Ligand code: FPP
């Protein structure tokens with residue numbers, strides 16, 4: 001059954017999720033939301049206008065994912081490498097979670113969405129952490145879509161930290177090298193409570209992973225589109241899901 005989410009704001013011209021033939025809905029969809037800057041530049045706007053518009057796409061896709069019954073939606077909102085950007089842009093990006101949640105948290109709660117954050121907290125400004133934590137705490141008992149923001153997230157750092165923790169356990173005699181396996185590694189990743197993404201979407205025509213969930217994406221289906229993130233709509237999301245349903249996943253088997 002299709003749940004009606006943020007129903008009063010649904011546009012009439014959008015194809016409904018149930019009008020599509022979807023063979024398989026992925027449990028976990030991860031998205032590299034790319035192209036905000038280029039979208040803005042193409043319109044003669046400052047880059048931050050692209051990020052602001054990208055926030056609206058976050059809402060559209062959250063609704064679409066929830067409508068379809070996707071269980072986990074992970075969005076790459078800020079990477080550990082994004083600190084290299086001009087300070088004004090970083091400051092703007094750090095305010096987005098607060099802005100988004102001020103407007104949307106009530107509806108996220110009403111719609112049983114659980115907000116989570118995946119990333120290194122210590123470097124984030126207090127106002128960013130406070131907004132995320134409020135949302136995480138207020139939605140902790142919700143059982144619907146898990147909306148997971150990857151914020152100050154970097155996959156290599158996450159894996160290096162995991163290896164360090166495992167090495168320390170070996171040094172302290174808590175673990176034998178021969179007992180180290182995939183599950184042991186996964187226990188130390190920031191994504192430890194999530195299943196691996198079934199589907200990765202990247203917008204804007206770039207064909208890279210950009211240090212995003214490198215361990216977790218080992219067997220994920222990848223779907224790329226030239227569309228810039230601010231113009232990514234539920235229609236594109238449904239297209240990706242339909243394509244996912246047509247692919248046969250073999251996990252290295254036949
Ligand atoms: C990449 O585009 C996008 C980002 C680094 C930021 C993504 C953030 C959002 C879409 C908004 C997040 C919203 C919430 C609610 C946290 P880019 O700037 O690298 O684009 P470009 O490659 O065209 O320059």
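Worth a mention:
- Where the alpha-carbon atoms of the range 41-84 are placed on the principal axes, they occupy 37, 26, 12 Å, in descending order.
- For the range 120-141, the residues whose backbone nitrogen is under 17 Å from a point 7 Å from the Cα of residue 165, taken along Cα to Cβ, are 120-123.
- Only helices enter the 222 nm calculation for the chain: every DSSP H run of n ≥ 4 contributes -39,500 (n - 2.57), and dividing by all residues gives -13000 deg cm²/dmol, rounded to 500.
- Percent of Cα-Cα distances greater than 33 Å, calculated over the chain: 19 percent
- Take the Cα of residue 248, step 7 Å toward its Cβ, do the same at residue 218, and the gap between the two points is 2.3 nm.
- In terms of surrounding Cβ atoms within a 10 Å radius of their Cβ, 196, 226, 179, 34 rank from fewest to most as 226, 179, 196, 34.
- Computed over the range 125-224, the percent of Cα pairs more than 21 Å apart is 50.
- Here the extension length gained between residue 172 and residue 85 equals 27.3 nm, from 0.36 nm per residue of separation less the Cα-Cα distance.
- Ranking of 215, 223, 83, 39 by count of other Cβ atoms within 10 Å, fewest first: 83, 215, 223, 39
- Cα-based radius of gyration of the range 28-144 once divided by 2.2 N^0.38 Å, which approximates compact folds: 1.07
- In the chain, Cα pairs under 8 Å separated by at least six residues give a relative contact order of 29 percent.
- Here the mean projected area of the convex hull built on the C-alpha positions of the range 165-210 is 4.7 nm².
- Highest-MSF residue in the chain out of 219, 76, 153 [GNM, Cα springs under 10 Å]: 219
- Each of 136, 48 has some number of other Cβ atoms within 10 Å of its Cβ, and from fewest to most they run 136, 48.
- For the options 70, 227, 170, a Gaussian network treatment of the chain with springs between C-alpha atoms closer than 10 Å singles out 170 as fluctuating the most.
Bear in mind that the values in this text are calculations on the coordinates, not laboratory data. Nothing here was measured: the structure is a model prediction, and the numbers come from that model. Heads up, the Cβs are rebuilt from the backbone with ideal geometry, glycines too, and the neighbour counts pull from every protein chain shown.
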